[in-house]
Amino acid sequence: MIQGELLVPTSEADQLRQQLLQAQRLSSVGALASSVAHEFNNILTTIINYARLGLRAENDPAARTQAFEKILKGGQRAATIVNSMLGFARNHSTQRTPTDLVRLVDEVLLLTEKDLSKHRVQVETKYYDRPVVKVIPGQIEQILLNLVINARQAMPQGGRLKIEVRSNHRSRFAEVRIADTGVGIAPEQLRLIFEPFYTTKEPDEHGHGGTGLGLSVCRQIIEQHRGRIRVESVLGKGSTFTVKLPLRDDDSTSEE
């Protein structure tokens, strides 16, 4: 019997990785769709109610002005949500550019705001500074979104999500810490969570569980950016994921 190893050409592997990343991106959008639809319903209700109020206040300029202002604010909020969702879903760029890491975190929190609120997750952010990293913004945003959604799913009864961003100039890394107060990960599972097709998620009421590819792809992307990802977890108390990305494009990245 002849045994051998199937080698996938680098270009083909990169293409498959991009396709998987896009599939994950759309899956993430799907995970947020219900909460976004609920938010849109609230916005539309507000717009309709103030439009009716404006029509009734024909002889009250102040009331009409207030109604128009509320309608404008609701429309702007809806446009912001749509643009964020579309921008995230359609971002196929593979160009590395200097990127404000705090801005990426804020964009992810904008996308997940209603989803986290719906599931009774309180968000706490602490930005020690605004590190700039040379990355493919859409890919790093995907990683952060995956980690935030994973954290929310680990807190089925609600909880607290804490996100910290800082620069570590001694190690020349920017760091993003995403900590939850969820169910945690068992020690025997912790060493396997970055392996392809391994998942700790139980199937939901529809029989849908995790694919086991999310964290695996996250690690690949981070390593391609010459960064690192690590996880600490205590069963029943929560998990903390730390993403480290080089502050500048050089090879001198000694760890703390």
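Since every read-out is calculated from the coordinates, none of them should be taken as a lab result. From a predicted model like this one, the values you see are computed outputs, not experimental measurements. Here the Cβ is made from the backbone with ideal geometry for all residues, glycine too, and neighbour counts use every protein chain on show.
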Q. In vacuo Debye scattering of region 127-188, one point per C-alpha: log10 I(q)/I(0) at q = 0.18 Å⁻¹?
A. -0.77
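Placing +1 at every Lys and Arg Cβ and -1 at every Asp and Glu Cβ, with all other atoms neutral, what dipole size does region 96-246 have around its Cα centre, in debye to the nearest 20?
Working: 23 positive and 18 negative charges, 128 e Å.
Approximately 620 debye in magnitude.
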Q. Within straight cross-link reach of residue 73, meaning Cα distance under 26 Å, which lysines are found once same-chain residues fewer than 8 apart are removed?
A. 114, 118
